[in-house]
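Have a look at the structure below, then the notes.
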Amino acid sequence: MDKPQQPFVDGMPNLSEAHFEIPTAERVHASTPFTHAPRFLILYGSLRERSFSRLLAYEAARLLEAMGGEVRIYDAHGLPLPDDATADHPKVQQLRQLSIWSEGQIWVSPERHGSLTGVMKSQVDWLPLSEGSVRPTQGRTLAVMQVSGGSQSFNAVNALRVLGRWMRMITIPNQSSVPMAYKEFDEAGRMKPGPLRDPLMPDPPPMMRALR
């Protein structure tokens, strides 16, 4: 490229070369062997007895376990509203410890009034950006899903993406939106085969590819 197109190439006098590591192909592609299975935390945004977001969370968990992952699903029953208790509440501590343990997360929310539910938002609100020297969410891979009682919509997953970005997470491009969720699960709570289940089943799942 001619010099007129590179007016910025005039050196970096404010840079200490001793503290500047230039990326190389070897460094970019070098990998440290994993000593454990990929770790996933799944949050879902409903407390109903037959919660379709929970059933979708279970479906994703089964897939990740089958592919060699280790999965934990957080139960939000008993979690206080943000600022209605202190951070040492047992349910808050459990949530934060699971987030620190995880390497990837899946957030599944029903859509309510055009956005995610309060149950889902409360869980995310209890996760701090930093806790001492620990960042419970930064750098984690995130997948987002939603269920709807009516026609297909993407308002909840879009809102979850905004939250994930704010929490310094890496959200994968894939997402799942299940409309008329009451039709998509059988009496045993298993998702019926079909075009809405198929996106969950690529080989390997995008979450696995992102971590590996």
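The values are calculated or read from the model by the stated rules, or taken from the named source; none is laboratory data. Fair warning: this is a prediction, and the values are worked out from it, not measured in the lab. Neighbour counts are summed over all protein chains in view; Cβ atoms, including those assigned to glycine, are modelled from backbone coordinates with ideal geometry.
Summary table below
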quantity	calculated
Residue list for segment 125-145, filter: aliphatic (A, V, I, L, M) and either surrounded by 21 or more Cβ atoms within 10 Å (Cβ to Cβ) or at pLDDT 90 or above (or both)	Leu127, Leu142, Ala143, Val144, Met145
Among residues of segment 152-172, those that are closer than 20 Å to Leu200 by Cβ and exposed (fewer than 13 other Cβ atoms within 10 Å of the Cβ), counted	1
Test: residue in segment 148-166 that is within 18 Å of Leu64 (Cβ to Cβ) and hydroxyl-bearing (Ser, Thr, Tyr)	no
Residue within segment 67-79 that is crowded, with 21+ Cβ neighbours inside 10 Å and free of Cβ contacts under 8 Å to residues at least 40 places away in the same chain present	yes
Every residue from segment 120-179 that is in contact (Cβ under 8 Å) with a residue 60 or more places away in the chain and part of a strand (DSSP E or B)	Thr141, Ala143, Met145, Gln146, Val147, Ser176, Val178
Extreme residue, nearest to Val157 (Cα to Cα), among residues of segment 24-45 that are modelled with pLDDT of 80 or more and in a loop (DSSP other than H, G, I, E, B)	Gly45
Answer residue from segment 46-89, given it is of a type in the set (Ser, Thr, Tyr) and assigned to a loop (DSSP other than H, G, I, E, B) and is farthest from the chain's Cα centre (by Cα) among those	Thr86
Residue within segment 90-110 that is of a type in the set (Phe, Trp, Tyr), assigned to a helix (DSSP H, G or I) and either over 18 Å from the mean Cα position of the chain (by Cα) or within 20 Å of Ile42 (Cβ to Cβ) (or both) present	yes
Looking only at segment 122-167, and only at residues there that are of a type in the set (D, E, K, R) and within 13 Å of the chain's Cα centre (by Cα), the one that is farthest from Leu63 (Cα to Cα)	Arg165
The listed residue being among the hydroxyl-bearing types (Ser, Thr, Tyr), surrounded by 14 or more Cβ atoms within 10 Å (Cβ to Cβ) and modelled with pLDDT under 95, out of Ser122, Ser148	Ser148
Of all residues making up segment 27-46, the number that are among the hydrophobic types (A, V, I, L, M, F, W, C) and out of contact with any helix residue (DSSP H, G or I) (no Cβ under 6 Å at 6 or more places or on another chain)	4
